[in-house]
Amino acid sequence: MSQIDELLRDLCPSGVEYRRVGDIASVSTGSRDRRDAKIDGDYPFYVRSREILLIDSYEFDEEAIVIPGEGGIGEIFHYVKGKYGLHQRAYRICFQSELITKFAFYYFASSFRNFILSKAVSATVTSIRKPMITDFRIPIPPLELQTEIVKTLDTFTELEAELEAELEARKKQYQHYRDALLTFDELATSKQVVPWMKLIELGSRNKGTKITAARMRELNHKDGSIRVFAGGQTTADVLEESVPEEDVVRVPSIVVKSRGIIGFTYYDRPFTHKAELWSYTITSKVADQKFVYHYLVAQENRLQSIASATSVKLPQLGVGDTDSLRVPLPPINEQKRIAGILDQFDALVNDLCLGLPAEITARHNQYEYYRDRLLTFNESL
């Protein structure tokens, strides 16, 4: 960063000029509707949120910043260069030559949301209006300094993109090996036939506790030793006295996320879950609990289809759907071997404290730190 610091001292000894976006850029919405999107369109179509669709004819051919007017307010920005279509509730910002568009893109990502919230009448902003954009003030350092800042931030984003691509490749590799390792022929007639048993025959099913999402938020405590699971990724850590002892599971078990997005979580510390969920503790000597967990994860898509087919609104599994699920049981040593391999893959692609997710998070935090540092200027008088 020393080169940029030197440029800032040499080129901007008295600070940097700030100007309204409306004075240095054209700002407008698109004219297309979501119904214009095509499956096999030739041009990107930017809509109201993070989603990018396709369209068969372009509306603009330029370098610009695109900001959805709704969804992820002040958090979603697209840098575009070339031909594209634009939704009627999304905005395009096309700058004059004194400001590099990529520099403006990074500055918007750093500061625009805070600007919106500072001007909002209420704490909740549901949509962006044109004056929010045109009134936003942006620094205009010399082009040489803008260029160096863009180069530096591009390097960070490229590194993060490479890690994201590697993570996606590893996930596909993990799924391939998981499916290969967990594929058994239930109807096989050879001497190597693998026995199958219903999940409920391998241990016990645990009930949850009566608790609401609001109550989970109230009871969540930094020193909580009991994890409470709800649907999706929602959890709370509560104190021992916050839930009845008879509702706490204190042995490693598998939590069934039975509503909405169907999934399974292996947990080896004290926990409970909302009453509408359930969990399994595997006690059979012919089954390894981690192996059973990985097998259940491999069945998530099939169970999601069952949940969607049997529910009019929110996808919902019944206890019988998992109780009756048949699990293959190769020799216990083979189960442990398979579970060990899949544990390593799982940590690499899913563990937020280890592997690629942790590295991506660290890179992203590093990027945001340097982005905010590089884009903070003293304003000239």
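The values are calculated or read from the model by the stated rules, or taken from the named source; none is laboratory data. From a predicted model like this one, the values you see are computed outputs, not experimental measurements. Methodologically, a virtual Cβ is constructed for each residue, glycine included, from the backbone with ideal geometry; neighbour enumeration extends over all protein chains shown. These area figures cover heavy atoms from the full protein model, side chains too; ligands, DNA and RNA do not enter into them. Shrake-Rupley method; radii C 1.70, N 1.55, O 1.52, S 1.80 Å.
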Exercise. Return the only residue of Ala188, Ala165, Ala180 being closer than 30 Å to Asn365 by Cα, modelled with pLDDT under 90 and either surrounded by fewer than 13 Cβ atoms within 10 Å (Cβ to Cβ) or in contact with a strand residue (DSSP E or B) (Cβ under 6 Å, 6 or more places away or on another chain) (or both).
Key: Ala165
Quiz item: Here are some residues: Thr134, Thr157, Thr147. Which one is under 19 Å from the mean Cα position of the chain (by Cα), touching a residue at least 40 places away in the same chain (Cβ under 8 Å) and open to solvent by less than 60 Å² (accessible area, probe 1.4 Å)?
Solution: Thr157
Quiz prompt | Any pair with Cβ under 7 angstrom, 6 or more apart, that starts in region 1-25 at a residue that is hydroxyl-bearing (Ser, Thr, Tyr) and ends at one that is open to solvent by less than 50 Å² (accessible area, probe 1.4 Å) | solution = Ser14/Ser380; Tyr18/Ile138; Tyr18/Pro139
Quiz item: For region 358-367, which residues satisfy the criterion of being open to solvent by 60 Å² or more (accessible area, probe 1.4 Å) and either among the aromatic types (Phe, Trp, Tyr) or in contact (Cβ under 8 Å) with a residue 12 or more places away in the chain (or both)?
Solution: Glu359, Arg363, His364, Gln366
Quiz item: Just one of the numbered conditions (1) more than 26 Å from Ser127 (Cα to Cα); (2) touching a Gly at 6+ places or on another chain (Cβ under 6 Å) is not true of Pro13; which one?
Solution: (2)
Quiz item: What is the one condition in (1) within 29 Å of Val286 (Cβ to Cβ); (2) open to solvent by 70 Å² or more (accessible area, probe 1.4 Å) that Thr272 does not satisfy?
Solution: (2)
Practice problem: Could you please find all residues in region 220-236 being touching a residue at least 24 places away in the same chain (Cβ under 8 Å) and surrounded by 15 or more Cβ atoms within 10 Å (Cβ to Cβ)? | Solution: Ile226, Arg227, Val228, Phe229, Ala230, Gly231
Quiz item: strands (runs of 3 or more DSSP E) wholly in region 28-119 with at least 3 residues that are more than 26 Å from Leu374 (Cβ to Cβ) and more than 23 Å from the chain's Cα centre (by Cα) - which ones?
Solution: 78-86
Practice problem: Answer yes or no as to whether Val292 is at pLDDT 95 or above and either buried (at least 18 other Cβ atoms within 10 Å of the Cβ) or at positive phi (or both). | Solution: yes
Self-check item: Qualifying residues in region 1-27 (those that are loosely packed, with under 13 Cβ neighbours inside 10 Å and in a loop (DSSP other than H, G, I, E, B)) - the one modelled with the lowest pLDDT
Solution: Met1
Exercise. Just give me the residues in region 44-73 being touching an Asp or Glu at 6+ places or on another chain (Cβ under 6 Å) and open to solvent by less than 30 Å² (accessible area, probe 1.4 Å), in sequence order.
Key: Ile55
